[in-house]
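All remarks here apply to the structure that follows.
Each reported figure results from applying straightforward, stated rules to the coordinates on display, with no laboratory input. None of the values given here were measured: they were computed from a predicted structure. Every residue, glycine as well, gets a Cβ built from its backbone with ideal geometry; the counts of neighbours run over all protein chains shown.
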Amino acid sequence: AARIGAVRQQVAVVPAGLPAKAPKGQRARAVRPLCAAEPARKPVSASAASSPVAPVEEEEASAVDYEALAQELVGASPLEIMDRALDMFGSEIAIAFSGAEDVALIEYAKLTGRPFSVFSLDTGRLNPETYELFDKVEKHYGIHIEYMFPEASEVQDLVRSKGLFSFYEDGHQECCRVRKVRPLRRALKGLKAWITGQRKDQSPGTRASIPVVQVDPSFEGLHGGAGSLIKWNPVANVDGKDIWTFLRTMDVPVNTLHAQGYVSIGCEPCTRPVLPGQHEREGRWWWEDATAKECGLHKGNIDREDQAPKVGVNGNGSAEARAPDIFQSQAIVNLTRPGIENLLRLENRAEPWLTVLYAPWCPYCQAMEASYVELAEKLSGSGIKVAKFRADGEQKPFAQAELQLQSFPTILLFPGRTVKPIKYPSEKRDVQSLLAFVNSLR
């Protein structure tokens, strides 16, 4: 109950002459439609009640100090924050639903008793299970989700010029820009505020400081220009495990992919399950740098980080310099730059070397520390050396050019009889998976 919070239910008054109860199966249409890209098509909005909505007295964005409001709501429950957002913006705010655990947002909106609208981005490459969830959610809540689609001509140009899977070669940003960012921009042009399911624990590199409400740093709203759109993050301060406790308690429909090991869910080619010990964002764009996994919908998170003192992949920030070292064990050799250069040059090594390229500030390196130390202890005395090489900062260009570094951590096996090191290809960093890799190449 403390997690859900206490908010008075809003009772809608049914005008005389209207039926007290809508016919079964009829969907509520009590809120002005979300302004989408196709003006000829009238989207249907979602509502928690079937009766007409009284006009909401608006608070102009310019008259509200949103930094102060965010501080005021730091200790508020998600339900209280949701109620405040819907109360302030009425029909000019909408929930962005991705088809994952952010279905909690829709449940919170329903619990406020206020009307609400929901939209989602259909990229054309979602999992079948995600489309199934959309249908279940619409039926469960009696709402209509407004789907935003990419421009067909832009998708055709991208696919014809670069193929269906270009993001594996040159990064996901271009594809996400066509399929997600531009459709979102069109959706937000018809709103004064939007509600997201961002949480601080979702991505330590980009979401650790998000407030519960903010002026959107990346997109424009109904009136255009900087500051014209407000972004609400009601579950920013909630842990993922508490979100799932809430979903189970309220018996909310969820994506069946979650039961298959998927945590963060996006497009099918760019999403995969994660293993115990891996961070949820490791299931997204796993072939890219682990420190900035955003598709562009929340690019302002990265922009804000860039405006602060640098803490990222270049190794020059003070926070990185202060990060305590990891993989501390007598069973692990700490390689210097000359040491790893010697390993590269040797043609006949006396014994194989397993080496992790790491950065101590990287949360993904920190997450695998225990398994790597355990592996080193298992291999102690087996004829295989286990080592580490810090590859951030000044060493990063060398590691990228000579050691196949693309993201942290990178694991290499230097075999006994070949010159070129072999890169561990999987994101599975548990002891058994790493041991299987080593044994298969001994």
Taking just the alpha-carbon atoms of region 333-442, what radius of gyration and Dmax come out, in angstrom?
12.9, 35
Suppose R0 equals 22 Å; then what is the FRET efficiency for Lys162 and Arg125 from their Cβ-Cβ distance, rounded to the nearest 0.05?
0.90
Projected label distance in nm at Glu394 and Leu441, using a 7 Å step from Cα toward the beta-carbon:
2.9
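Count the net charge of all other residues whose Cβ sits under 13 Å from the Cβ of Met368, scoring Lys and Arg as +1 and Asp and Glu as -1.
Values: positive: Lys388, Lys428, Arg429; negative: Glu282, Glu369, Glu374, Glu427, Asp430.
Local net charge: -2.
Extension gain Ala68-Ala401, at 0.36 nm per residue separation less the Cα-Cα distance, in nm? It would help to have the intermediate numbers written out before the result.
Numbers: separation 333, 0.36 × 333 = 119.88 nm, distance 4.72 nm.
Full extension from Ala68 to Ala401 adds 115.2 nm.
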Can you work out ³J(HN,Hα) from phi for every residue in region 159-170, in order, using Karplus 6.51 cos²θ - 1.76 cosθ + 1.60 and θ = phi - 60°, giving whole Hz and x for Gly and Pro?
5, 5, 8, 10, x, 7, 10, 5, 5, 6, 9, 10
Tell me, what ³J(HN,Hα) does each residue in region 350-366 have, in order and in whole Hz, if you take phi through Karplus 6.51 cos²θ - 1.76 cosθ + 1.60 with θ = phi - 60° and put x for Gly and Pro?
5, 8, x, 10, 9, 10, 9, 8, 9, 10, x, 7, 6, x, 6, 5, 4
His140-Ala208 pseudo-label distance in nm [points 7 Å out on the Cα-to-Cβ vector]:
3.3
Which ³J(HN,Hα) values, rounded to whole Hz and listed in residue order, are derived for region 129-143 from phi using the Karplus coefficients 6.51, -1.76 and 1.60 in 6.51 cos²θ - 1.76 cosθ + 1.60 with θ = phi - 60°, glycine and proline given as x?
5, 6, 5, 4, 5, 3, 5, 5, 5, 4, 6, 5, 9, x, 10
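So how do 161-171, 67-77, 228-238 stack up, highest first, on mean other-Cβ count within 10 Å? Can you show the working numbers first?
Values: 161-171: 12.5, 67-77: 14.5, 228-238: 24.5.
Highest to lowest by the protection proxy: 228-238, 67-77, 161-171.
R0 = 35 Å: FRET efficiency of Glu174 with Gln330, Cβ-based, nearest 0.05?
Numbers: r = 47 Å, r/R0 = 1.33.
So the FRET efficiency works out to roughly 0.15.
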Long-range HN-HN contacts of Tyr147 with modeled amide H, under 5 Å:
Ser120
For the peptides 390-397, 151-158, what is the packing order when you average, over each peptide's residues, the other Cβ atoms within 10 Å and list the highest mean first?
390-397, 151-158
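Summing Lys, Arg as +1 and Asp, Glu as -1, what charge do residues with Cβ under 11 Å from the Cβ of Tyr358 carry, Tyr358 excluded? Before the final figure, lay out the partial values.
Values: positive: Lys388, Arg390; negative: Asp325, Glu369, Asp392.
Net of charged neighbours comes to -1.
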